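Take a look at the structure set out below.
The values are calculated or read from the model by the stated rules, or taken from the named source; none is laboratory data. Keep in mind that this is a model prediction, so the values were computed, not measured. All Cβ positions, glycine included, derive from the backbone under ideal geometry; neighbour counts span all protein chains shown. To get the accessible areas, we keep the full protein, side chains included, count just its heavy atoms, and leave off ligands, DNA and RNA. Shrake-Rupley method; radii C 1.70, N 1.55, O 1.52, S 1.80 Å.
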Amino acid sequence: QVQLVETGGGLVEAGGSLRLACATSEYTYSTNYMTWFRQAPGKEREGLASIYTAGPMSFYDDSVKGRFTISQDEARTTLYLQMNSLKPEDTAMYYCAADKQYGGSWYDASVYNYWGPGTQVTVSS
């Protein structure tokens, strides 16, 4: 089983930056995806950014493209999300997900087997 724990959330002013981290407890498949999602109250989970560890290759949702950057450490035990130019609409619980099922889209939450408990990001105006 894979255990994920997100850290780095908090309260930040609009235009500010945060860096989220997702630590893994076990080895992550080198050919798999790891993805950041967020979910605001009453809304669906939204895929933000994903990294294909074999490349690496990264993918972004249009809502965060140019502002957020996904990366992974050399040991592939920690996933990062650098968030710049934060907006109030970025306020949500942020989750990392791992072990994507073969096939399906990276931004589809239903194809991931493991999730962290989430870290809250609040952006004030």
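Checking each residue in region 105-120 for being open to solvent by less than 50 Å² (accessible area, probe 1.4 Å), of a type in the set (S, T, N, Q) and out of contact with any helix residue (DSSP H, G or I) (no Cβ under 9 Å at 6 or more places or on another chain) picks out only 119.
Name the single residue that is modelled with the lowest pLDDT among those in region 54-71 being farther than 19 Å from residue 123 by Cα and part of a strand (DSSP E or B). Only one residue tops the list, namely 57. Total residues in region 72-104 satisfying the condition of being modelled with pLDDT under 95, open to solvent by 10 Å² or more (accessible area, probe 1.4 Å), out of contact with any helix residue (DSSP H, G or I) (no Cβ under 7 Å at 6 or more places or on another chain) and not acidic (Asp, Glu): the figure is 7.
Do the conditions hold for residue 51, that is, is it crowded, with 21+ Cβ neighbours inside 10 Å and either at pLDDT 95 or above or part of a helix (DSSP H, G or I) (or both)? It is false that residue 51 is crowded, with 21+ Cβ neighbours inside 10 Å and either at pLDDT 95 or above or part of a helix (DSSP H, G or I) (or both). Evaluate region 20-41: report whether one residue or more is open to solvent by 60 Å² or more (accessible area, probe 1.4 Å) and basic (Lys, Arg). No, region 20-41 contains no residue that is open to solvent by 60 Å² or more (accessible area, probe 1.4 Å) and basic (Lys, Arg).
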